[in-house]
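Each remark here refers to the structure printed beneath this line.
The values are calculated or read from the model by the stated rules, or taken from the named source; none is laboratory data. The model shown is predicted, which means the values in this text are computed figures rather than measured ones. Ideal geometry is used to build each Cβ from the backbone, glycine not excepted, and the neighbour counts take in all protein chains shown. Keep in mind that these areas ignore ligands, DNA and RNA; they rest on the heavy atoms of the full protein, side chains included. Shrake-Rupley method; radii C 1.70, N 1.55, O 1.52, S 1.80 Å.
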Amino acid sequence: MRSMHIIVLIHIFIFGVNSYILMRSGNISRPASVIGAALVALSANSADYSMWINTIAAYSWVPLYLAGVTRILNGSSPRVWIPVAVAALVFLTLASPAQPLIHAVFLTTILSIVWWWWNGGRLQSRIKANHLLRLALAALVAALLAAPGYVPTMLEYPQMTRWLGAFPPIQGYTRIPFEAFLCDQVSLRDAGGVLVPAKGPAVGSMFLGPVIVFFALFAVFSRTKSSKWMTIAMFIICVYSLLSSFGANLGLAYINYYIPLVNKIREPSRFLVLFQLAATYLAAVGLDTLVRDIKLCKMRKEPDGRFACKVMLLATSTVALTFLSVLTLRSGKLNLLNQVGSNLMLMALAVFSISSQAKKVPVCIIQILWGAAALVVVIISINWTPPLISSSLYVQKDFVSLKEAISRIAERDKDRFYRVIFEGEIDKQKAAMLASFYNMRTLNAYFNPAPTRQFEELYHHEPRNDNYLQALGSRYLVTKKYSGTVDKGFNHIEKVGEYDLYETENVSPYVSFVNRSDGHYSSLADFVSKLAGKDLSQGILFLPDQQGIKNSDTRQVSKEKIISIEKRSNNYIRIDVSNTQSGVLVINEFFAKPWLVRVNGSPENLLEVNGNQIGVQLKEGVHIVEFNYWPKALTWSFYATLVGFLALIGILSVKFRLY
């Protein structure tokens, strides 16, 4: 657990460093970039995302990727910034080729459109096309390098169940129902959460605080020295992302639902991470602009009335919106006190900034004070303290006793040959997660997306009256307040807390060598019906109707066989077999085409037996049998990665022309 916390903190630090690079790419000053980067790293959204290690890991590379995109479009050294953009996009994709990757494509599109529009009359068309081609080259190389992270899944996607929820399972590329597209959308009443910390949607946070909002508004209503097209692009991203987070409440869900890739994200509140990044970028621009305006006033040695009016108008507007948000959200007394202090600090600094125009106050002091104020507001408003262990689901749902029960089973199944199933008042998926810590096999592990056939045939959905689960290797049963009838083949072995543990001897072994056929089946249901009354403990062999066994004796049963499992991992199994008669070696693993089998080093045909298990026919003799799970798409992906590396080397060695 401690190592996971360290990994999360490292990626939050990376998020901040990369945000600094992004802001510097937008010509924001170093001090303002440091403050802005710190605000991004310590934002409420970062705190919320810290519970998902793969999500925060992916989004930590988004700012660096955007910095690369910005530099490429601006024509900066391609030999530096194309590899930077490629590296960031590869790390992002390998961490999570899901929402972060979709958002990266979304952001690239907006930046490219705004850049093209802004430079409409400033650059020749061939120069603009050249820069876009460089960007396309970076995307292509990144796609090649990251291929192992997404290509196998993409090729298998049509046969995948993409999402389970309160709606029918979503298959492959099928569009999700519009109602499912609105999960965790922000309500209009929660809009005040931008200024006041409040418990809002389940995914992400919109809280910025009054100081950040003030500076973001200041950037919007000022002439900035930083990259103007980047400021415009970030403003568009900020507004679009905030409105999108409200889903159907503000109408953008009806548009996003038809935008390719974007319509794969079912929670509108996922856009809040982009809102936080863009708004903080604008705040850094606003801080830079305010300091620049004060410098100009000092150079002219006279106060600027328009500057004073703008500062006071924006500050008072922010304060008014803050207290309106407090009333709307009905915040508690502590929150109200925090907001009073934050807004008094905002007004005091606004007055101080106006008065400093004619005073000999170093602008660096003003910048430090504003930066400290923004950080203080964020720090006092966000709770970075991890919740107490006593408040965790692990304790509240009595997972301590469940973990102990699973550990008792693990002691019995030292080789992890069998599976454990759960019944009664047990969260089966969380129980399967606990079992995975002991490397125990279950029938309830699930992760989006999952192969549809495997989910339908292997996942334990509800109690059964047949012995199909035992045929899958389910030797152990754990129940809690189970009102159903425990199968008569299971015997009670012990009780741990409220959990009862059962075991059965009539279960299919992990490995068996069978030289007689128990029959054929036309479907999985037909196979299950033929299991009734069968002794599973010595292994079974049912074959599909269209499949036979060549040169096998299907009448005699030979006990003269020696089976030794020499090596076993998640994707490789080696078994040494010595048999005096031909037969079929059956492995209780789910059948899938990526399984490859070799006998004595030579490829053999993989058999699908017993509904969905794997097997291989063996002649009499001594054999070394190797099963290796290796999708062909993975091989192609590695070839693509090799091509990507060669392309990257070529980019580093080629001199690019400006047009």
* **Glu425-Ile649 pseudo-label distance in nm [points 7 Å out on the Cα-to-Cβ vector]** => 6.4
* To do: Would you please put 91-102, 344-355 in order of how densely packed they are, using the mean number of other Cβ atoms within 10 angstrom per residue and starting with the highest?
  => 91-102, 344-355
* To do: Can you tell me which of 292-300, 506-514, 58-66, 130-138 comes out highest on packing, and rank the rest after it, using the mean Cβ neighbours within 10 Å?
  => 58-66, 506-514, 130-138, 292-300
* To do: Give the peptides 183-195, 591-603 in descending order of average Cβ contacts within 10 Å, highest first.
  => 183-195, 591-603
* What number, in nm² with one decimal, is the all-direction average of the projected area of the convex hull of the alpha-carbon atoms of the stretch 480-631? -> 11.1
* **Pairwise Lys count, the stretch 372-514 - Cα closer than 21 Å, eight or more residues apart or different chains** => 21
* **Rg over Rh [alpha-carbon atoms, Kirkwood Rh] for the stretch 124-163** => 1.27
* Quick one: pull the percent of accessible area on the chain belonging to carbon and sulfur, 1.4 Å probe, ligands and nucleic acids left out. => 61
* Helix 147-156 axis, angle to the chain major axis (alpha carbon atoms, nearest 10°) -> 60
* Asked: Hey, what's the per residue convex hull volume over the C-alpha atoms of the stretch 93-152, in cubic angstrom?
  -> 71
* Structure fact -> Per DSSP, the loop-located trypsin sites (Lys or Arg not before Pro) within the stretch 453-504 having at most 10 other beta carbons within 10 Å are Lys488
* Over the stretch 1-95, one equal point on each Cα, no solvent: what is log10 I(q)/I(0) by the Debye formula at q = 0.23 Å⁻¹? -> -1.12
* In 5 Å bins starting at 0, how do the alpha-carbon pair distances of the stretch 188-277 split up by percent? -> 3, 14, 22, 24, 17, 12, 8, 1
* Asked: Counting other Cβ atoms within 10 Å, which trypsin sites (Lys or Arg not before Pro) in the stretch 602-659 have at most 13 and lie in a DSSP loop?
  -> Lys619, Lys655, Arg657
* **Compactness relative to 2.2 N^0.38 Å, alpha carbon Rg of the chain** => 1.19
* Asked: For all pairs of alpha-carbon atoms in the stretch 1-51, what percent lies in each bin of width 10 Å, listed from the first bin to the last filled one?
  -> 28, 46, 21, 5
* Structure fact -> A chain fully extended from Ile565 to Val486 at 0.36 nm per residue, minus the present Cα-Cα distance, gains in nm 25.2 nm
